[in-house]
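Here is the structure we will look at.
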(Lines give C-alpha, C1' and ligand atoms only; values in the text may rest on other atoms or scores of the structure.)
Protein backbone atom coordinates (compact mmCIF):
# COMPACT_ATOMS: atom_id res chain seq x y z
CA UNK A 1 0.00 0.00 0.00
CA UNK A 2 1.36 3.43 -0.94
CA UNK A 3 1.58 5.64 2.13
CA UNK A 4 0.74 9.35 1.87
CA UNK A 5 3.81 11.60 1.99
CA UNK A 6 4.33 15.09 3.36
CA UNK A 7 5.23 17.99 1.06
CA UNK A 8 8.93 18.52 1.79
CA UNK A 9 11.06 20.29 -0.83
CA UNK A 10 14.61 21.60 -0.81
CA UNK A 11 16.86 21.38 2.23
CA UNK A 12 15.28 20.54 5.57
CA UNK A 13 17.04 21.83 8.69
CA UNK A 14 16.01 21.81 12.33
CA UNK A 15 17.90 22.54 15.56
CA UNK A 16 19.15 19.45 17.43
CA UNK A 17 16.79 20.12 20.33
CA UNK A 18 13.83 19.72 17.94
CA UNK A 19 14.73 16.08 17.26
CA UNK A 20 11.48 14.78 18.74
CA UNK A 21 9.24 17.38 17.10
CA UNK A 22 6.85 16.68 14.25
CA UNK A 23 8.10 18.57 11.18
CA UNK A 24 5.73 20.52 8.96
CA UNK A 25 6.77 22.52 5.88
CA UNK A 26 5.40 26.05 5.63
CA UNK A 27 8.10 27.50 3.37
CA UNK A 28 11.16 26.26 1.52
CA UNK A 29 14.29 28.22 0.74
CA UNK A 30 15.04 31.65 2.20
CA UNK A 31 13.41 35.04 1.60
CA UNK A 32 16.79 36.81 1.79
CA UNK A 33 19.36 34.61 0.00
CA UNK A 34 22.03 37.33 0.30
CA UNK A 35 24.18 36.36 3.29
CA UNK A 36 27.69 35.96 1.85
CA UNK A 37 28.66 33.03 4.06
CA UNK A 38 25.52 30.93 3.68
CA UNK A 39 25.18 27.79 1.57
CA UNK A 40 22.43 26.05 3.57
CA UNK A 41 19.68 26.73 1.03
CA UNK A 42 21.81 26.92 -2.09
CA UNK A 43 19.80 26.36 -5.27
CA UNK A 44 16.41 26.44 -3.56
CA UNK A 45 14.25 29.47 -4.39
CA UNK A 46 11.89 30.74 -1.74
CA UNK A 47 8.46 29.15 -1.87
CA UNK A 48 5.43 29.56 0.39
CA UNK A 49 3.35 26.43 0.84
CA UNK A 50 -0.31 26.99 -0.05
CA UNK A 51 -2.62 26.55 2.94
CA UNK A 52 -4.32 23.72 1.08
CA UNK A 53 -0.98 21.88 0.97
CA UNK A 54 -0.36 22.55 4.66
CA UNK A 55 -3.81 21.21 5.46
CA UNK A 56 -3.15 18.06 3.42
CA UNK A 57 0.03 17.47 5.41
CA UNK A 58 -1.79 18.00 8.70
CA UNK A 59 -4.35 15.39 7.71
CA UNK A 60 -1.50 12.91 7.18
CA UNK A 61 0.11 13.88 10.49
CA UNK A 62 -3.23 13.52 12.28
CA UNK A 63 -3.49 9.99 10.91
CA UNK A 64 0.00 8.85 11.87
CA UNK A 65 0.86 11.14 14.82
CA UNK A 66 -2.55 12.11 16.25
CA UNK A 67 -1.10 12.94 19.66
CA UNK A 68 1.80 15.06 18.42
CA UNK A 69 2.64 17.57 21.14
CA UNK A 70 5.33 19.62 19.47
CA UNK A 71 5.48 20.81 15.84
CA UNK A 72 8.52 22.43 14.23
CA UNK A 73 7.76 24.38 11.07
CA UNK A 74 10.48 24.07 8.44
CA UNK A 75 11.97 26.54 6.00
CA UNK A 76 14.86 28.97 6.39
CA UNK A 77 12.59 31.67 7.84
CA UNK A 78 8.87 30.88 7.75
CA UNK A 79 8.30 33.67 10.27
CA UNK A 80 8.69 36.01 7.28
CA UNK A 81 5.09 35.17 6.38
CA UNK A 82 2.45 37.71 7.29
CA UNK A 83 0.77 37.77 10.67
CA UNK A 84 -2.49 36.65 9.06
CA UNK A 85 -0.89 33.70 7.28
CA UNK A 86 0.83 32.60 10.51
CA UNK A 87 -2.45 32.90 12.40
CA UNK A 88 -4.19 30.80 9.76
CA UNK A 89 -1.49 28.15 10.14
CA UNK A 90 -1.75 28.21 13.93
CA UNK A 91 -5.51 27.70 13.70
CA UNK A 92 -5.02 24.74 11.35
CA UNK A 93 -2.56 23.23 13.82
CA UNK A 94 -5.13 23.54 16.59
CA UNK A 95 -7.84 22.05 14.36
CA UNK A 96 -5.93 18.95 13.28
CA UNK A 97 -3.65 18.38 16.29
CA UNK A 98 -5.70 19.04 19.43
CA UNK A 99 -3.00 17.57 21.67
CA UNK A 100 -0.33 19.96 20.35
CA UNK A 101 1.19 22.00 23.16
CA UNK A 102 3.54 24.23 21.18
CA UNK A 103 5.15 24.96 17.84
CA UNK A 104 8.27 26.81 16.71
CA UNK A 105 10.24 27.86 13.64
CA UNK A 106 13.26 29.74 12.25
CA UNK A 107 13.25 33.50 11.70
CA UNK A 108 15.42 36.34 10.48
CA UNK A 109 15.62 39.39 12.72
CA UNK A 110 13.81 41.41 10.05
CA UNK A 111 10.89 38.95 10.00
CA UNK A 112 9.81 40.28 13.39
CA UNK A 113 9.79 43.94 12.30
CA UNK A 114 6.31 44.16 10.68
CA UNK A 115 4.62 42.35 13.58
CA UNK A 116 3.38 44.33 16.56
CA UNK A 117 3.78 43.15 20.15
CA UNK A 118 0.03 42.56 20.26
CA UNK A 119 0.22 40.37 17.16
CA UNK A 120 3.14 38.46 18.65
CA UNK A 121 1.11 37.91 21.82
CA UNK A 122 -1.75 36.53 19.75
CA UNK A 123 0.57 34.06 18.03
CA UNK A 124 1.95 33.08 21.42
CA UNK A 125 -1.62 32.51 22.64
CA UNK A 126 -2.07 30.03 19.79
CA UNK A 127 0.99 28.06 21.02
CA UNK A 128 3.92 29.69 19.19
CA UNK A 129 6.35 29.41 22.08
CA UNK A 130 9.82 29.63 20.53
CA UNK A 131 11.72 31.03 17.55
CA UNK A 132 15.27 30.24 16.42
CA UNK A 133 17.03 33.31 15.05
CA UNK A 134 20.18 33.38 12.91
CA UNK A 135 21.56 36.51 14.51
CA UNK A 136 25.19 35.52 13.67
CA UNK A 137 26.74 38.56 15.42
CA UNK A 138 25.89 42.01 16.73
CA UNK A 139 29.09 43.51 15.30
CA UNK A 140 27.83 46.07 12.78
CA UNK A 141 30.90 46.08 10.47
CA UNK A 142 30.63 42.31 10.12
CA UNK A 143 26.87 42.43 9.59
CA UNK A 144 27.43 44.92 6.77
CA UNK A 145 30.27 42.91 5.26
CA UNK A 146 28.14 39.75 5.21
CA UNK A 147 25.00 41.44 3.78
CA UNK A 148 22.82 40.40 6.70
CA UNK A 149 20.39 43.25 6.09
CA UNK A 150 20.16 44.55 9.65
CA UNK A 151 22.26 46.03 12.45
CA UNK A 152 22.75 45.53 16.18
CA UNK A 153 20.09 48.13 16.99
CA UNK A 154 17.57 46.05 15.01
CA UNK A 155 18.52 42.91 16.94
CA UNK A 156 17.92 44.69 20.23
CA UNK A 157 14.64 46.28 19.13
CA UNK A 158 13.07 43.20 17.54
CA UNK A 159 14.12 40.61 20.12
CA UNK A 160 12.91 42.93 22.87
CA UNK A 161 9.46 42.65 21.27
CA UNK A 162 9.63 38.87 21.65
CA UNK A 163 10.54 39.32 25.32
CA UNK A 164 7.56 41.61 25.78
CA UNK A 165 5.22 39.17 24.00
CA UNK A 166 6.42 36.21 26.06
CA UNK A 167 7.81 34.25 23.12
CA UNK A 168 11.00 32.36 23.93
CA UNK A 169 13.83 32.58 21.43
CA UNK A 170 17.20 31.01 20.75
CA UNK A 171 19.94 32.74 18.78
CA UNK A 172 22.79 31.49 16.61
CA UNK A 173 26.22 33.08 16.91
CA UNK A 174 28.57 32.44 13.99
CA UNK A 175 32.06 32.28 15.45
CA UNK A 176 34.84 33.56 13.17
CA UNK A 177 32.46 35.41 10.86
CA UNK A 178 34.31 38.73 11.14
CA UNK A 179 37.45 37.21 9.66
CA UNK A 180 41.01 37.43 10.87
CA UNK A 181 41.56 40.03 13.58
CA UNK A 182 37.88 40.79 14.27
CA UNK A 183 36.85 37.98 16.61
CA UNK A 184 37.18 39.75 19.95
CA UNK A 185 35.35 42.83 18.65
CA UNK A 186 32.53 40.64 17.32
CA UNK A 187 32.21 38.73 20.59
CA UNK A 188 32.26 41.88 22.69
CA UNK A 189 29.63 43.65 20.57
CA UNK A 190 27.39 40.58 20.65
CA UNK A 191 27.67 40.13 24.40
CA UNK A 192 26.80 43.80 24.90
CA UNK A 193 23.53 43.35 22.98
CA UNK A 194 22.60 39.93 24.39
CA UNK A 195 23.13 41.15 27.94
CA UNK A 196 20.09 43.40 27.38
CA UNK A 197 17.95 40.51 26.12
CA UNK A 198 16.73 37.10 27.32
CA UNK A 199 17.74 34.35 24.88
CA UNK A 200 17.01 30.87 26.19
CA UNK A 201 19.85 29.31 24.20
CA UNK A 202 22.89 30.76 22.46
CA UNK A 203 23.91 28.28 19.77
CA UNK A 204 27.55 28.72 18.76
CA UNK A 205 28.50 27.55 15.28
CA UNK A 206 31.95 28.14 13.78
CA UNK A 207 32.15 29.55 10.26
CA UNK A 208 32.95 26.84 7.72
CA UNK A 209 33.11 28.13 4.15
CA UNK A 210 31.77 25.94 1.36
CA UNK A 211 32.15 26.51 -2.40
CA UNK A 212 28.45 27.31 -2.81
CA UNK A 213 28.77 30.49 -0.73
CA UNK A 214 29.74 33.89 -2.12
CA UNK A 215 32.29 34.19 0.68
CA UNK A 216 34.23 31.32 -0.85
CA UNK A 217 35.03 33.52 -3.86
CA UNK A 218 36.15 36.32 -1.54
CA UNK A 219 38.64 33.91 0.02
CA UNK A 220 39.94 32.98 -3.43
CA UNK A 221 40.19 36.67 -4.40
CA UNK A 222 42.04 37.47 -1.18
CA UNK A 223 39.44 40.02 -0.04
CA UNK A 224 38.49 37.94 2.99
CA UNK A 225 40.89 36.20 5.36
CA UNK A 226 39.49 33.44 7.53
CA UNK A 227 40.00 33.69 11.28
CA UNK A 228 42.65 31.24 12.53
CA UNK A 229 41.35 28.46 14.76
CA UNK A 230 43.07 29.63 17.94
CA UNK A 231 41.66 33.10 17.34
CA UNK A 232 38.20 31.54 17.11
CA UNK A 233 38.67 29.87 20.47
CA UNK A 234 39.65 33.23 21.95
CA UNK A 235 36.53 34.72 20.36
CA UNK A 236 34.27 32.08 21.92
CA UNK A 237 35.97 32.56 25.26
CA UNK A 238 35.47 36.33 25.04
CA UNK A 239 31.77 35.94 24.30
CA UNK A 240 31.18 33.64 27.26
CA UNK A 241 33.34 35.73 29.58
CA UNK A 242 31.39 38.92 28.79
CA UNK A 243 27.90 37.44 29.03
CA UNK A 244 26.21 38.37 32.30
CA UNK A 245 22.75 36.93 31.64
CA UNK A 246 21.22 33.64 32.64
CA UNK A 247 21.18 31.50 29.49
CA UNK A 248 22.29 28.20 28.00
CA UNK A 249 25.31 27.76 25.75
CA UNK A 250 25.17 25.07 23.07
CA UNK A 251 28.50 24.83 21.30
CA UNK A 252 28.57 21.14 20.34
CA UNK A 253 27.99 21.66 16.61
CA UNK A 254 30.24 19.68 14.27
CA UNK A 255 31.85 22.95 13.16
CA UNK A 256 33.28 23.67 16.62
CA UNK A 257 36.75 22.26 17.12
CA UNK A 258 36.21 22.36 20.89
CA UNK A 259 32.62 21.30 21.67
CA UNK A 260 31.15 22.89 24.78
CA UNK A 261 27.80 22.97 26.56
CA UNK A 262 26.82 24.76 29.71
CA UNK A 263 24.44 26.98 31.62
CA UNK A 264 25.40 30.54 32.52
CA UNK A 265 26.32 31.86 34.97
CA UNK A 266 26.74 28.53 36.76
CA UNK A 267 29.19 26.92 34.34
CA UNK A 268 31.08 30.02 33.26
CA UNK A 269 34.26 29.32 35.22
CA UNK A 270 34.42 25.73 33.95
CA UNK A 271 33.84 26.79 30.34
CA UNK A 272 36.51 29.49 30.49
CA UNK A 273 38.95 27.01 32.00
CA UNK A 274 38.21 24.56 29.19
CA UNK A 275 38.99 27.22 26.59
CA UNK A 276 42.18 28.24 28.39
CA UNK A 277 43.41 24.64 28.27
CA UNK A 278 42.52 24.25 24.60
CA UNK A 279 44.12 27.56 23.58
CA UNK A 280 47.37 26.64 25.29
CA UNK A 281 47.59 23.02 24.17
CA UNK A 282 46.09 22.53 20.69
CA UNK A 283 48.27 23.31 17.64
CA UNK A 284 46.70 25.59 15.03
CA UNK A 285 47.43 23.15 12.21
CA UNK A 286 45.65 20.30 13.98
CA UNK A 287 42.49 22.34 14.47
CA UNK A 288 42.65 23.62 10.89
CA UNK A 289 42.93 20.07 9.57
CA UNK A 290 39.74 19.20 11.42
CA UNK A 291 37.86 22.05 9.71
CA UNK A 292 39.12 21.13 6.25
CA UNK A 293 37.66 17.66 6.73
CA UNK A 294 34.13 18.96 7.39
CA UNK A 295 32.18 18.07 4.26
CA UNK A 296 28.79 19.46 5.22
CA UNK A 297 26.92 20.89 8.20
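Applying the selection to the stretch 94-136, what residues are part of a loop (DSSP other than H, G, I, E, B) and at positive phi?
If we filter the stretch 94-136 for residues that are part of a loop (DSSP other than H, G, I, E, B), which is where we start, we get 97-101, 108, 113-116, 126-127.
127, the sole residue that qualifies.
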What number of residues within the stretch 9-33 are touching a residue at least 40 places away in the same chain (Cβ under 8 Å), assigned to a loop (DSSP other than H, G, I, E, B) and under 16 Å from the mean Cα position of the chain (by Cα)?
8
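In the stretch 39-58, what residues are more than 24 Å from residue 297 (Cα to Cα) and surrounded by 13 or more Cβ atoms within 10 Å (Cβ to Cβ)?
Within the stretch 39-58, the subset more than 24 Å from residue 297 (Cα to Cα) is 48-58.
48, 49, 51, 53, 54, 55, 56, 57, 58 - these are the residues of the stretch 39-58 that are more than 24 Å from residue 297 (Cα to Cα) and surrounded by 13 or more Cβ atoms within 10 Å (Cβ to Cβ).
Any idea which of 51, 6, 58 is touching a residue at least 40 places away in the same chain (Cβ under 8 Å) and either in contact with a strand residue (DSSP E or B) (Cβ under 8 Å, 6 or more places away or on another chain) or within 15 Å of residue 106 (Cα to Cα) (or both)?
Numbers: 51 fails: either in contact with a strand residue (DSSP E or B) (Cβ under 8 Å, 6 or more places away or on another chain) or within 15 Å of residue 106 (Cα to Cα) (or both); 58 fails: touching a residue at least 40 places away in the same chain (Cβ under 8 Å).
Answer to the selection: 6.
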Mind checking which residues of the stretch 170-198 are under 18 Å from residue 109 (Cα atoms) and surrounded by fewer than 23 Cβ atoms within 10 Å (Cβ to Cβ)?
170, 172, 189, 191, 192, 193, 195, 196, 197, 198
Return the pairs, sorted by first residue and then second, in which the second residue is assigned to a strand (DSSP E or B) and at pLDDT 95 or above, the first residue lies in the stretch 97-125 and is under 26 Å from residue 149 (Cα atoms), the beta carbons are less than 6 Å apart, and the residues are 6+ apart or on different chains.
104/72; 104/130; 105/73; 106/132; 107/131; 107/133
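What number of residues in the stretch 77-86 are closer than 23 Å to residue 201 by Cα and in a helix (DSSP H, G or I)? Don't jump to the end; show me each part of the working.
Narrowing the stretch 77-86 to residues closer than 23 Å to residue 201 by Cα: 77-80.
Among the residues that remain, those that are also in a helix (DSSP H, G or I) are: 78-80.
Going through the stretch 77-86 one residue at a time, the tally reaches 3.
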Meets criteria (within 18 Å of the chain's Cα centre (by Cα) and either in a helix (DSSP H, G or I) or touching a residue at least 12 places away in the same chain (Cβ under 8 Å) (or both)) for residue 89:
no
With the condition kept exactly as written, say whether any residue in the stretch 73-92 is surrounded by fewer than 21 Cβ atoms within 10 Å (Cβ to Cβ), within 26 Å of residue 249 (Cβ to Cβ) and either at pLDDT 95 or above or in contact with a helix residue (DSSP H, G or I) (Cβ under 7 Å, 6 or more places away or on another chain) (or both).
no
Taking the stretch 241-264 on its own, how many of its residues are closer than 15 Å to residue 195 by Cα and either buried (at least 18 other Cβ atoms within 10 Å of the Cβ) or over 22 Å from the mean Cα position of the chain (by Cα) (or both)?
3
Does the stretch 220-240 contain any residue that is under 25 Å from residue 130 (Cβ atoms), in contact with a strand residue (DSSP E or B) (Cβ under 6 Å, 6 or more places away or on another chain) and either in a loop (DSSP other than H, G, I, E, B) or at pLDDT 95 or above (or both)?
yes
Could you count how many residues in the stretch 61-75 are touching a strand residue (DSSP E or B) at 6+ places or on another chain (Cβ under 7 Å) and farther than 17 Å from residue 126 by Cα?
4
Within the stretch 140-149, is there a residue that is in contact with a strand residue (DSSP E or B) (Cβ under 6 Å, 6 or more places away or on another chain) and surrounded by 23 or more Cβ atoms within 10 Å (Cβ to Cβ)?
no
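Give 177, 159, 143 a once-over and let me know the one that is at pLDDT 95 or above, under 16 Å from the mean Cα position of the chain (by Cα) and assigned to a loop (DSSP other than H, G, I, E, B). Outline the logic, then answer.
Values: 159 fails: assigned to a loop (DSSP other than H, G, I, E, B); 143 fails: assigned to a loop (DSSP other than H, G, I, E, B).
None of the other options fit; the residue is 177.
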For the stretch 260-294, enumerate the residues that are touching a strand residue (DSSP E or B) at 6+ places or on another chain (Cβ under 8 Å) and over 22 Å from residue 185 (Cα atoms).
261, 262, 263, 267, 270, 291
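Taking residue 113 as the residue in question, decide whether it is modelled with pLDDT of 95 or more, farther than 17 Å from residue 7 by Cβ and either crowded, with 22+ Cβ neighbours inside 10 Å or in contact with a helix residue (DSSP H, G or I) (Cβ under 7 Å, 6 or more places away or on another chain) (or both).
Values: modelled with pLDDT of 95 or more: yes; farther than 17 Å from residue 7 by Cβ: yes; either crowded, with 22+ Cβ neighbours inside 10 Å or in contact with a helix residue (DSSP H, G or I) (Cβ under 7 Å, 6 or more places away or on another chain) (or both): yes.
Yes; evaluated as a whole, the condition is true for this residue.
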Positions within the stretch 52-76 being more than 19 Å from residue 86 (Cβ to Cβ) and assigned to a helix (DSSP H, G or I), in sequence order
59, 60, 62, 63, 64
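The values are calculated or read from the model by the stated rules, or taken from the named source; none is laboratory data. Every value quoted in this text rests on a predicted model; they were computed, and no experiment measured them. Cβ atoms come from the backbone with ideal geometry, glycine included; neighbour counts cover every protein chain shown.
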